[in-house]
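Have a look at the structure below before the remarks.
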Amino acid sequence: MSNTDKATRFMAHRDFLHAGEVRDSQPGSLPSVEPNVSSSEANHRISNNLAILASAVRIRASDVSRRQQHLSHDEVSLILGDVSAKILAIAWLHRFLSDKPGADCLELNDHLYRLSETLLSALSDPQRAKLVRIGVGECFVAVREVVPLCLIVTEVVTNSLKYAHPTKVPGKIFVGCREECDGSLIVEIADDGVGLPEGFDPQADGGTGARTIRALAQQLGAQTSFDSGPVGLRFKLRVPSRTSRARAA
């Protein structure tokens, strides 16, 4: 790896891990109620979210630049579709903040489903994957957590589309979230594919997508788990309650 590639990767991971810290250091970012969020605060949130997005794209660009072989048309299409989905997630949140500048939270279940629909439409043949909603009840999250959550979902759904059914047979992807009795948030994504390769550790191995998931989960103070069986892979993200996060801070 050249010194330029090393520098690019270092900058990307540094920005990715610290983009959330800049936002979280602002006064009033932890309380659950922000009745009068100004336009400048909304713009500040969007700016931080765009910084996260830019870091994710920079990581992907660094990986592409180090490849020895040329990308196929399908690989290029997947990369551009993935970036497009990330941009759409940011754009949706920006519209939400513009329409409801005083809101500090939103219902996540519907948004995750709509985001996943966009991914399926952009990245695959409509006949290849069927989306199934598994979320139970309403699932409210702080606005500042929506983009990291959606970027994690984007990575997991994209991986399911790419690897769950290598023979291109039709499959299913299950998406949803729920709130536990202790206030923690559970986001689940599953498929009915071939599961993880033997010996693969998603908590340590993997390419850009896996590293992105780990970095964003760390930013949220969340835990991730992968349950791979003979038929399918289930990903679970547990985000602690706001009270727990405030105490930890």
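A few points about this structure:
- Members of segment 146-171 that are open to solvent by 10 Å² or more (accessible area, probe 1.4 Å), within 19 Å of the chain's Cα centre (by Cα) and either charged (D, E, K, R) or on the phi > 0 side of the Ramachandran plot (or both): K162
- Boolean, A89 is over 21 Å from G206 (Cα atoms), part of a loop (DSSP other than H, G, I, E, B) and touching a residue at least 12 places away in the same chain (Cβ under 8 Å): no
- Of all positions in segment 193-207, at least one carries a residue that is more than 17 Å from K236 (Cβ to Cβ) and in contact (Cβ under 8 Å) with a residue 60 or more places away in the chain.
- Restricting attention to segment 131-145, the residues being open to solvent by 20 Å² or more (accessible area, probe 1.4 Å), of a type in the set (A, V, I, L, M, F, W, C) and either closer than 11 Å to L106 by Cβ or at pLDDT 85 or above (or both) number 4.
- With respect to the conditions (1) part of a loop (DSSP other than H, G, I, E, B); (2) closer than 30 Å to I134 by Cβ, G102 falls short on a single one, namely (2).
- Restricting segment 29-73 to residues that are open to solvent by less than 40 Å² (accessible area, probe 1.4 Å) and among the hydroxyl-bearing types (S, T, Y), the residue that is modelled with the lowest pLDDT: S29
- Among the residues of segment 211-228, the ones that are of a type outside the set (K, R) and at pLDDT below 85 come to 1 in all.
- Inside segment 197-223, residues that are outside any helix (DSSP H, G or I) and open to solvent by 50 Å² or more (accessible area, probe 1.4 Å) make up a count of 9.
Conditions (1) closer than 24 Å to L53 by Cβ; (2) not small (G, A, S), marked per residue:
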position: V169; (1), (2): no, yes
position: V175; (1), (2): yes, yes
position: A190; (1), (2): no, no
position: V194; (1), (2): no, yes
position: R211; (1), (2): yes, yes
position: A215; (1), (2): yes, no
position: Q223; (1), (2): yes, yes
position: V231; (1), (2): no, yes
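- Close pairs (8 angstrom Cβ cut-off, 6 or more residues apart or separate chains): in contact (Cβ under 8 Å) with a residue 60 or more places away in the chain in segment 113-139, among the small types (G, A, S) anywhere: Y113/G135; Y113/G176
The values are calculated or read from the model by the stated rules, or taken from the named source; none is laboratory data. Worth saying up front: this structure is predicted, and the values here are computed from it rather than measured. Note that each Cβ is placed from the backbone with ideal geometry, even for glycine, and that neighbours are counted across all protein chains shown. Keep in mind that these areas ignore ligands, DNA and RNA; they rest on the heavy atoms of the full protein, side chains included. Shrake-Rupley method; radii C 1.70, N 1.55, O 1.52, S 1.80 Å.
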